[in-house]
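Read the structure below first, then the notes.
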Amino acid sequence: MYKALGAVGLSGVVSGLPGGLDSRIGPSGSFLSGGERQRLAMARTLLTGAAVLLLDEPTAHLDAEAGRLMMAELRAGLKDITVVLVTHNPADIDGGDSRLDLGSPSALPELVRGN
């Protein structure tokens, strides 16, 4: 559990809570900030043990530095997992194995052909 929390930058936050892992975080995580809820959701995802993850805007509610740190930790910890990352933030995909930019004019014909 703490490994997953560390991978998303929440281990310090959880350690600082009065009840640690047993702390109540309110209905739908209402006692957490938007970024903390986002990172907690990511930690829960990491605990599933899935071989393939689809991450949609994983850094959407994080500031630039927190997003950069989380993505670096995820890349380091997810070497054996296939990750499909959907994002508007180019920094999120730095270091990825391959990239398909749907915003480029040439992308649509390539997708239609099935390449």
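Where a number appears in this text, it was derived from the coordinates with a stated rule and is not lab data. Since the model is a prediction, treat every value here as computed from it, not as a measurement. Quick reminder, even Gly has a Cβ in these numbers, built from the backbone with ideal geometry, and neighbours come from all protein chains shown.
According to a simple spin-label model (label point 7 Å from Cα along Cα-to-Cβ), what is the distance in nm between residue 65 and residue 79?
With each label placed 7 Å out from Cα toward Cβ, I get 2.8 nm.
Restricted to Cα positions, what overall size does the chain have along the principal axes? Three whole-Å values, descending.
Projected onto its principal axes, the Cα set of the chain covers 55, 26, 24 Å.
Please compute the net charge surrounding residue 75, taking Lys and Arg as +1 and Asp and Glu as -1 over other residues with Cβ under 13 Å from its Cβ. Display every interim value, and only then the final one.
Details: positive: 68, 79; negative: 73, 80, 92, 94, 97.
Net of charged neighbours comes to -3.
Let me know the charge dipole size of segment 2-113 about its Cα centre in debye, to the nearest 20, where only the beta-carbon of Lys, Arg (+1) and Asp, Glu (-1) is charged. Walk me through the intermediate numbers first.
Values: 10 positive and 13 negative charges, 61 e Å.
My answer is approximately 300 debye.
Any idea what angle helix 64-77 forms with the longest principal axis of the chain, computed on alpha-carbon atoms, 0 to 90 degrees, nearest 10?
80
Enter the angle in degrees (range 0 to 90, nearest 10) between the Cα long axis of helix 34-46 and the first principal axis of the Cα atoms of the chain, meaning the one along which they spread out most.
Computed tilt is about 80 degrees.
Note down the net charge around residue 59, summing +1 for each Lys or Arg and -1 for each Asp or Glu among other residues with Cβ under 15 Å from its Cβ. Write down the numbers at each step before the final one.
Values: positive: 37, 39, 68, 75; negative: 36, 56, 57, 63, 65, 73, 92, 94.
With Lys, Arg at +1 and Asp, Glu at -1, the net is -4.
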